[in-house]
Amino acid sequence: MVDALGLLDGLTATGIILSATIFALLSLYKSIKLKAKLLTFAALTMLFVGFLWLGPFIDLILVTFTGTNITPIYFYSLLSYMWVAPVLIFAMYLGGELLIPKKKWILVGAFIILGIIFEYFLWFQTDQSFTWTLTNPGEGLIDASFVRTHPTFLLIALFLVTALVFLGIGFFIKAKQATGDLRRKFFYLGLGFTIFVVCGALDSILTLPVAIGFSRVLMMTFALWMYLGLKT
């Protein structure tokens, strides 16, 4: 049986994945129906953002049905963070198309390179990139923390700061400059990306279960704001 902290960890991760998947599929359906390319990129961004919590979700499933945790333990981090590069690339394309369309491929190209570097460190230096804690095997869930001097963490920090400044603040500035319905849509996009960055950062910093739970519940709204910002 999963312990209380494991349930909080696993169920909130499940909620994020479900909300992201639902709005991703809804956006994908609308993108096909309306032939709206940006909705396709939004759908992929939402889907891969949800997958960033795949580690605790899979660990919850395994502990619930088999009484064992993910093994080897480093798979936990790979399951979650292998999606960082896809999230980054699709999100930057989306932001570039809306904010700096003439230079979007320069932006996307730069982050493709950074994403490849990140994935290299993630896959080939996993043991040096993370520390793992499992205090109650078979009942509790794995907890992974970045080694904060390793390039994997430094790249994650760079990605989060860039996303906050370019996508979060960038869309808020666009909202301030726009009027009417367009202003509302830019505001929703800025809010969505800000929630993603702030909650994503807090998820790796917070240790109080209640605080983590609150942060993840807020994160469940990310895909909703993205969808509202781009739906037609």
Of residues in the stretch 211-223 being in a helix (DSSP H, G or I) and surrounded by fewer than 19 Cβ atoms within 10 Å (Cβ to Cβ), the one modelled with the lowest pLDDT: ALA211
Within the stretch 188-209, considering residues that are at pLDDT 90 or above and among the β-branched types (Val, Ile, Thr), the one surrounded by the fewest Cβ atoms within 10 Å (Cβ to Cβ): VAL198
Identity of the residue in the stretch 159-187, small (Gly, Ala, Ser) and surrounded by 14 or more Cβ atoms within 10 Å (Cβ to Cβ), that ends up nearest to the chain's Cα centre (by Cα): ALA163
Residue within the stretch 23-32 that is within 26 Å of PRO101 (Cα to Cα), aromatic (Phe, Trp, Tyr) and touching an Asp or Glu at 6+ places or on another chain (Cβ under 8 Å) present: no
Residue among ALA85, ALA36, ALA13 that alone is within 19 Å of PHE214 (Cβ to Cβ) and small (Gly, Ala, Ser): ALA13
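From the set of residues in the stretch 177-210 that are in a helix (DSSP H, G or I) and without any contact (Cβ under 8 Å) to a residue 12 or more places away in the chain, which is nearest to GLY6 (Cα to Cα)?
VAL210
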Scope the stretch 39-53; condition in contact (Cβ under 8 Å) with a residue 40 or more places away in the chain and of a type in the set (Ser, Thr, Tyr); matching residues: THR45
Selection from the stretch 140-158 of residues that are surrounded by fewer than 17 Cβ atoms within 10 Å (Cβ to Cβ) and in a loop (DSSP other than H, G, I, E, B): VAL147, ARG148, THR149, HIS150
Some residue of the stretch 175-196 being closer than 26 Å to TYR29 by Cα and among the β-branched types (Val, Ile, Thr): yes
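The values are calculated or read from the model by the stated rules, or taken from the named source; none is laboratory data. Bear in mind that the values here come from a model prediction, so they are computed numbers and not experimental data. Methodologically, a virtual Cβ is constructed for each residue, glycine included, from the backbone with ideal geometry; neighbour enumeration extends over all protein chains shown.
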